[in-house]
Amino acid sequence: MGKPTGFMEYTREVPADRAPLERVKDWDEFHLHMVDDDLRTQGARCMDCGIPFCHSGVLISGMASGCPINNLIPEWNDLVYRNLWRQALDRLLKTNNFPEFTGRVCPAPCEGSCTLSSFDPAVTIKNIEVSIIERGFDEGWVAAAVPAQRTGKKVAVVGSGPAGLSAAAQLNKAGHLVTVFERADLPGGLLMYGIPNMKLDKRKVLLRRIKLMEEEGITFQCNCEVGGSGISVAQLRSDFDAVVVTVGATKPRDLPIEGRSLAGIHYAMEFLTANTKALLHEGSDYITAAGKDVIIIGGGDTGTDCVGTSLRHGCASVTQLEIMPRSPEGRSDDNPWPEWPKVNKVDYGQEEAAARFGADPRVYVTTATSFEGDGAGNVAAVHTVEVAWSKNDNGAYVPTPIPGTAQRRPAQLVLLAMGFLGPEQPLVEAFGIETDARSNIKADFGTYSTTVPGVFAAGDCRRGQSLVVWAFNEGRGAARECDRYLMGNSELP
Ligand SMILES: Cc1cc2nc3c(=O)[nH]c(=O)nc-3n(C[C@H](O)[C@H](O)[C@H](O)COP(=O)(O)OP(=O)(O)OC[C@H]3O[C@@H](n4cnc5c(N)ncnc54)[C@H](O)[C@@H]3O)c2cc1C
Ligand code: SF4
């Protein structure tokens, strides 16, 4: 612990984001970076707790408390305070293959469980993390590490999202020859075609890492759908000694109400993917929100990304419908530290909408009942109703429409952002692997073995829709188990 009194002397500070009305004019990242001296002061706030809850990564009440990849947070906080950046980077890379991604997009369960946050604002762990890795890139400390020896074993990774990338990086480190198959034109999964550019820059940050991985010996085969037009599952099984399936949970939840087939109603991912493609490939078609009243159904992070994207297009208005009640401003009595804080979060999209239109775009305890057309096949409005939540006879909370609350809301673009329902089944069937009751791939957490020997599964396709940091945890774990399967034992963490 660098400075025992640091937490009493200094207050939490993060760099100010770019101003909302400025940043909606472009697609550049909105977070700014902090100067080293200020970061050192923030590192000095860490108390080097006897039990550092920040790096525990356990589930409490079903939510992650602490870092799911067990980052050695107190150690690198101290090293940053002592100006030992190179050593801080070495510590960070012990547990995290890609801190430049988590340092930008992770919701930071570490900060929610930081001991300091039980009586003062948490240590700025996420900001210190991204600063360490960016300093590493700036100094040239992050370079391709080609394995000294190859095992002669070949592994196929199917899907190049965060689970696939971390599995590939670890398997390559163990000396296996890794090929990553990706059906999209560029690697990254939802890091590429989900999370928008203003949160994670595709060229400057994501493709910088992919280039390094290629230099380390990993092959990326894009535009190649496994079990589809790219390569058959049988061919894959015969060409490779083992397979790690990391295909994500890509089946979107639909809203099959009256008027669903009208033009102008899209899944959020259609909107977000086409938008990023258009940024990367000039002339590529996208769904524009320019001049439209946009209604987003779903109040989560995907919905927020739709808000930010619609604003950058120049929408006329934006509303985000959320069926759940608004979370409290502070922790409630049944949500104590170190649990994940279930509190109201004003994310970047809501901040931008408030700056542009004067109010938070979220409308709570409200759901859509039907879509109205304009007579020419296009959506013109969404009919909504407010709901009340109460327990039914089985003890489950269910929403009931409140009479007299029906409303007609004009909309020329509707985006469905209500979550995902597991992996697409044809590929799962082609592998002959079993699924669980939620249609995710059946494989235990920790072993990642599917019901077919030599085939492992990790990330959202196994766990269900989750977070980048959990995909990293699972990709690393599946790599370790795959290595053990191939070699009889494994030294991978
Ligand atoms: C819009 C959006 C925003 C999000 N924002 C955040 C955030 O800010 N922070 C956060 O922590 N989490 C966020 N998440 C969640 C996070 O992105 C996911 O939990 C994570 O990406 C899951 O990783 P994965 O590798 O399991 O799957 P994915 O990232 O979904 O990657 C799966 C890949 O497999 C490919 N694939 C599928 N089938 C095949 C096939 N047959 N052949 C070849 N390739 C195939 C897909 O094209 C895809 O590239 C967000 C999710 C969405 C949808
Ligand atoms: S819980 Fe917070 S104060 Fe304690 S070691 Fe972790 S970052 Fe430092």
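The values are calculated or read from the model by the stated rules, or taken from the named source; none is laboratory data. Fair warning: this is a prediction, and the values are worked out from it, not measured in the lab. Here the Cβ is made from the backbone with ideal geometry for all residues, glycine too, and neighbour counts use every protein chain on show. Ligands, DNA and RNA are excluded from the accessible area calculation, which covers all protein heavy atoms including side chains. Shrake-Rupley method; radii C 1.70, N 1.55, O 1.52, S 1.80 Å.
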Region 20-62: number of residues that are open to solvent by 60 Å² or more (accessible area, probe 1.4 Å) and among the small types (G, A, S): 3
Criterion first (closer than 24 Å to L191 by Cα and either within 14 Å of ligand 2 (Cβ to nearest atom) or open to solvent by 10 Å² or more (accessible area, probe 1.4 Å) (or both)) does T124 satisfy it? yes
Residue among T276, T246, T304, T319 that alone is hydroxyl-bearing (S, T, Y), within 11 Å of ligand 1 (Cβ to nearest atom) and more than 30 Å from A479 (Cβ to Cβ): T304
Which residue out of G57, G43 is of a type in the set (G, A, S) and more than 25 Å from the chain's Cα centre (by Cα)? G43
If you go through region 440-493, how many residues are closer than 18 Å to F98 by Cα, away from ligand 1 (no atom under 14 Å from the Cβ) and open to solvent by less than 40 Å² (accessible area, probe 1.4 Å)? 1
Name the one entry in L413, L421 that is within 16 Å of ligand 1 (Cβ to nearest atom) and within 27 Å of I265 (Cα to Cα). L421
Of everything in region 309-322 that's within 22 Å of the chain's Cα centre (by Cα) and of a type outside the set (D, E, K, R), which residue is farthest from G291 (Cα to Cα)? L321
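Tell me, which residue of region 425-446 that is outside any loop (DSSP other than H, G, I, E, B) and among the aliphatic types (A, V, I, L, M) is nearest to E225 (Cα to Cα)?
By that ranking, first place goes to L427.
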Does region 242-286 hold any residues that are basic (K, R) and assigned to a loop (DSSP other than H, G, I, E, B), and which are they? K251, R253, R260
Let me confirm something: among I60, I69, which residue is at negative phi, among the hydrophobic types (A, V, I, L, M, F, W, C) and in contact with an Asp or Glu (Cβ under 6 Å, 6 or more places away or on another chain)? I60
Which condition number in (1) over 23 Å from the mean Cα position of the chain (by Cα); (2) assigned to a loop (DSSP other than H, G, I, E, B); (3) of a type in the set (D, E, K, R) is the one that D28 fails? (1)
Run down R40, R86 and say which single residue is more than 24 Å from R476 (Cα to Cα) and either not assigned by TED's automatic domain parsing to the domain that holds G164 or not polar (S, T, N, Q) (or both). R40
Which one of V247, V294 is among the aliphatic types (A, V, I, L, M), more than 22 Å from T384 (Cβ to Cβ) and at pLDDT 95 or above? V247
Picked from region 52-86 (must be without any contact (Cβ under 8 Å) to a residue 12 or more places away in the chain and among the aliphatic types (A, V, I, L, M)), the residue nearest to ligand 1 (Cβ to nearest atom) is L59
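Which residue out of L92, L84 is more than 11 Å from ligand 2 (Cβ to nearest atom) and open to solvent by 10 Å² or more (accessible area, probe 1.4 Å)?
Selected residue: L84, the only one of L92, L84 that is more than 11 Å from ligand 2 (Cβ to nearest atom) and open to solvent by 10 Å² or more (accessible area, probe 1.4 Å).
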Which of the strands (runs of 3 or more DSSP E) found entirely inside region 328-417 contain at least 2 residues meeting this: touching a Pro at 6+ places or on another chain (Cβ under 9 Å)? 366-373, 379-391
Just to be sure I understand the filter: pairs with C-beta atoms under 8 Å, separated by 6 or more residues or on different chains, first member in region 356-368 and without any contact (Cβ under 8 Å) to a residue 24 or more places away in the chain, second member assigned to a loop (DSSP other than H, G, I, E, B). Which pairs pass? D360/V346
Only one of these conditions is not met by G422: (1) open to solvent by less than 20 Å² (accessible area, probe 1.4 Å); (2) within 27 Å of A316 (Cβ to Cβ); (3) not hydrophobic (A, V, I, L, M, F, W, C). Which number is it? (2)
Taking region 327-350 and keeping residues open to solvent by 80 Å² or more (accessible area, probe 1.4 Å) and among the aliphatic types (A, V, I, L, M) leaves V346
